1. Which condition number does residue 370 fail, the rest of (1) assigned to a helix (DSSP H, G or I); (2) touching a strand residue (DSSP E or B) at 6+ places or on another chain (Cβ under 7 Å); (3) over 25 Å from residue 311 (Cα atoms) being met?
2. Within segment 349-358, identify whether any single residue is modelled with pLDDT under 95 and surrounded by fewer than 21 Cβ atoms within 10 Å (Cβ to Cβ), and answer yes or no.
3. Which ones in segment 270-322 are open to solvent by 20 Å² or more (accessible area, probe 1.4 Å), modelled with pLDDT under 95 and among the polar types (S, T, N, Q)?
4. Kindly establish whether residue 105 is open to solvent by less than 60 Å² (accessible area, probe 1.4 Å), touching a Phe, Trp or Tyr at 6+ places or on another chain (Cβ under 8 Å) and modelled with pLDDT of 90 or more.
5. Just for segment 244-264: of the residues that are in a strand (DSSP E or B) and in contact with an Asp or Glu (Cβ under 6 Å, 6 or more places away or on another chain), which one is surrounded by the most Cβ atoms within 10 Å (Cβ to Cβ)?
6. In segment 253-288, which residues are over 26 Å from residue 431 (Cβ atoms) and in contact (Cβ under 8 Å) with a residue 60 or more places away in the chain?
7. How about segment 108-153: which of its residues are assigned to a helix (DSSP H, G or I), touching a residue at least 60 places away in the same chain (Cβ under 8 Å) and open to solvent by less than 50 Å² (accessible area, probe 1.4 Å)?
8. Determine whether segment 225-236 contains at least one residue that is touching a residue at least 40 places away in the same chain (Cβ under 8 Å) and not in a helix (DSSP H, G or I).
Amino acid sequence: MPWGPGSICSPATTAQLNTGAAPKPGRSKKAPKEPAARAPDVDSLGFQAMDRNVPGLSHVILQKLNMKSYEDYKSAMDGRKSGSDFGIRTYFDMFQKMEDTFKFCVECKKLPDALPDPKSLRRCKRCQNVYYCGVACQRANWPMHKKFCKKLKLVALDRLVEWLIFTGDIPFPTDTWTKPARDVKGWEDWFSMQEQLEEKLGAIVAGRYMTLLWANAGKPRPEDTELRESIRRLVTDFHSRPLTIGLALRLFGIDPLTRPLTVHVVGASHVETLNTRLTDYDELTRMFPGHQGMEVVMVGVDVVDGPIMRPPLTTLAPRGRVYLSSYKGLYHDFWESHVETKLAARPDLVVGFHPGFHACPDLLAGWLPTLLLLRDYRLPVLFTVYSEQELKASLQILVELETHVVGYASNPFASLRPEQVYSSPNKPPVYCSSHYIALLGAEPVLGAEELEDDDGWQGGEPGAAAVAGAIAPGPG
């Protein structure tokens, strides 16, 4: 149940839904019927928040996707709507529809249909991201917009170049790590291990799909240096989740070289599963060469149909491979129907990317049974968040639940791709998995001073940053 800028897919992203049949699973036990989802719908909450900022914007998005209702959108996200159903016939259509969903005056919040001339909106020439209905609104908004204009330029560029993930150009092929995982401290170290990096980036920049992109995007093509930097940011965004899982294994002292492992991704949605390929987490194999096998099970009510929609393994993961599987439903239901009945392995690690239980009472209520299960079974858990504000709000909830917070810190493998709040762009951008929180079982509630002073980690692994005093109050 991720919560954040990525909660609502753009038309270009949604149109890329993988509607192919999932491969037949091979298993020895018959799985029970999966329960109906009963959790709060994060995307519906995202639409509501969007309309609070820009009234009518959710209707524009549905219209551009050739949809009549939110139910149609959910059908698409569940993989029950083909790409042709979106009314997209050409590359130009796809990019134009995506751009149209950002067309509203960032100052007065008016959509094109609310203006005397719907074509009067003009885009900021600097960032190529936000729009204004006239000079007066642009001047009034400039004191705020100038703080974020440069970053928003990167946001606008990256959301177009992201298309190359769907075409397969991104990420570029990677090799087995030449350094042990403990010596790779972040993205600078990771990129330093990529042989012929500039040649790989150059091939993507000069490739067919990059040319098609800028022939149809309706914007001037940036300089090649800007495109290379965009590709680098998107590569970090793609690999951030598997490398964060690898980081969590190290933090908890779980060694993939000694035994096969099972990792559960709890609260998985279209953010983790849309168009996910069976090889998308193979960077874990390059991170831990010679590992004994890893299974990563995506569990969530919004898991998208596709190649990884196959039941969890009933046997150990294949040696030296990362095996992806999934379950569409709530985690505590999955635990009862699969883990307790041994239709799925008990996890060695549980990871949740942007769970969002801090966002509203309904989401917290939906998460509560899972949070208590993770606590009471003393499972090693790592949650990621978008920002320091979200970190503080999430920590407060977890401490109130008497969960043992082992540590929390900035994530060295956070995505470097900046993301904006869809309907309120003039805010500091956020980054996927920018911080992590590590949990293990239950303990008495610690006071704020104790939590700040407790390093939490043993054996020289990265410690938890004492950031509580520097974190701004309020939800993320």
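The values are calculated or read from the model by the stated rules, or taken from the named source; none is laboratory data. Quick caveat: nothing in here was measured; it's all calculated off a predicted structure. All Cβ positions, even for glycine, are placed from backbone atoms using ideal geometry, and neighbour counts span all protein chains on display. Calculation scope for accessible area: heavy atoms of the full protein, side chains included, ligands and nucleic acids excluded. Shrake-Rupley method; radii C 1.70, N 1.55, O 1.52, S 1.80 Å.
1. Failed condition: (3).
2. There is no residue in segment 349-358 that is modelled with pLDDT under 95 and surrounded by fewer than 21 Cβ atoms within 10 Å (Cβ to Cβ).
3. 275, 314, 315
4. Taking the combined requirement at face value, the residue satisfies it.
5. Ranking the candidates gives 261 first.
6. To start, the set of residues in segment 253-288 that are over 26 Å from residue 431 (Cβ atoms) comprises 253, 255-262, 278.
Within segment 253-288, 253, 261, 262 qualify.
7. 141, 145, 152
8. No: zero hits.
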